[in-house]
1. Rounded to the nearest Å, what's the spacing between the alpha carbon centres of the range 96-116 and the range 32-72? Just the number, please.
2. Just subtract the alpha-carbon distance of Leu205 and Leu84 from 0.36 nm times their residue separation and send over the number in nm, one decimal.
3. Using the Karplus equation 6.51 cos²θ - 1.76 cosθ + 1.60 (θ = phi - 60°), what ³J(HN,Hα) coupling, rounded to whole Hz, does each residue of the range 112-125 give in order, writing x for Gly and Pro?
4. Suppose the chain between Leu75 and Leu188 were pulled fully straight at 0.36 nm per residue; how much longer would it get relative to their current alpha carbon spacing?
5. Just to confirm the filter: which GluC sites (Glu not before Pro) across the range 67-167 are DSSP coil and have at most 16 other Cβ within 10 angstrom of their Cβ?
6. Under the rule of -39500 (n - 2.57) per DSSP H run of 4 or more residues, summed and divided by the residues of the chain, what mean residue ellipticity at 222 nm is obtained, to the nearest 500 deg cm²/dmol?
7. Most fluctuating residue of Gly187, Gly145, Gly117 in a GNM of the chain with Cα springs under 10 Å: which is it?
8. Given the Cα atoms of the chain, and with Rh set as the inverse mean 1/r over their pairs in the Kirkwood sense, what is Rg to Rh to two decimals?
Amino acid sequence: MSAVAAVFARELRIALRRPAEWAQPLVFYGIVALLFPLGIAPRDPALTTFAPAIVWVGALLSALLGVERLFRGDLDDGTLEQMLVSDTPLSFLLAAKLAAQWLLTAAPLVLASPLLGYGLGLETPAVQVLVLSLLLGTPTLVFTGGFAAALTVGAPRAGLLLPILVLPLMTPAVIFGGGAVRAATSGLPSDAPLYFLGALLALSLTLLPVAAAGALRNAID
C-alpha cells in the first residue's frame, strides 16, 4: 500500500508543477457546454432537451484530452520499468495512477456540473441526477482511457489510434449517463440508468487496471 500511495502522491506532485495540463479539461468542458446556448434562440425549450447530451459529450471529449500523454512520460523516463519490477502488483499501481488522473481532471468537472446544469436550464432534481451520473460515470471514462492509452503507448501514431479505440468503449457510459438525466428531466425514475453506471464503474475499477497492466507489459517487452 505504501507503493500505491507513493504513485498517487507522485501524480499529484507532477500535476502541481504543470497546472495548465490538468486545468485544460475543465476549461475545455466549460467552453463546450457554454457555446451550445449561443447557437440557439434565447429561452429555447430545446436547450433543456439537449442539455444531458451536451454535458456528457463535453465530459467525454474532456476525458480524451490527456489520454495520449498518460503513460508516455513514464515510458520515456523509465518509471514504467520500475513499476514492472516492483513487488506491488502493476494493476494496483496503475489503479492509483488512474485514480489520481480522475481526481485532477474529472472531479473538477463533477464539481462544475451544477453550474452548467442550471445554465442549460435544468431543474434541481435533474441537476442532482446529473451530478450523481457524472460521479459514477467519469471514473469509467478515465479508466477506459487509461486502458486504451496502455494499448497504444508504444505505437508511433497513438494520437490517431486512440479515438478509434476508446470512443466505442466510452459510449455506454455516455448513453446511460445522458439517459439518467433525460429521465429526471421528464419526471421519470432515473434509477435504472444509474444502476447501469454503477455496474460499469465496478467493472472498470476491477478489470481495466488488470487489462492495462497486461497491455503495458506487452508494450515494454
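1. Centre-to-centre (Cα) distance: 15 Å.
2. That pair, Leu205 and Leu84, stretches by 41.6 nm at full extension.
3. Each residue's phi maps through the Karplus curve to give 7, 5, x, 4, 5, x, 5, x, 8, x, 7, 7, 4, x Hz.
4. Contour length minus the Cα-Cα distance gives 35.9 nm.
5. Of the GluC sites (Glu not before Pro), the ones in loops of the range 67-167 whose Cβ has at most 16 other Cβ atoms within 10 Å are Glu123.
6. -27500 deg cm²/dmol
7. Top of the fluctuation ranking is Gly187.
8. 1.00
Bear in mind these aren't lab numbers, they're just calculated from the coordinates by the rules spelled out. Source: prediction; values computed, not measured. Heads up, the Cβs are rebuilt from the backbone with ideal geometry, glycines too, and the neighbour counts pull from every protein chain shown.
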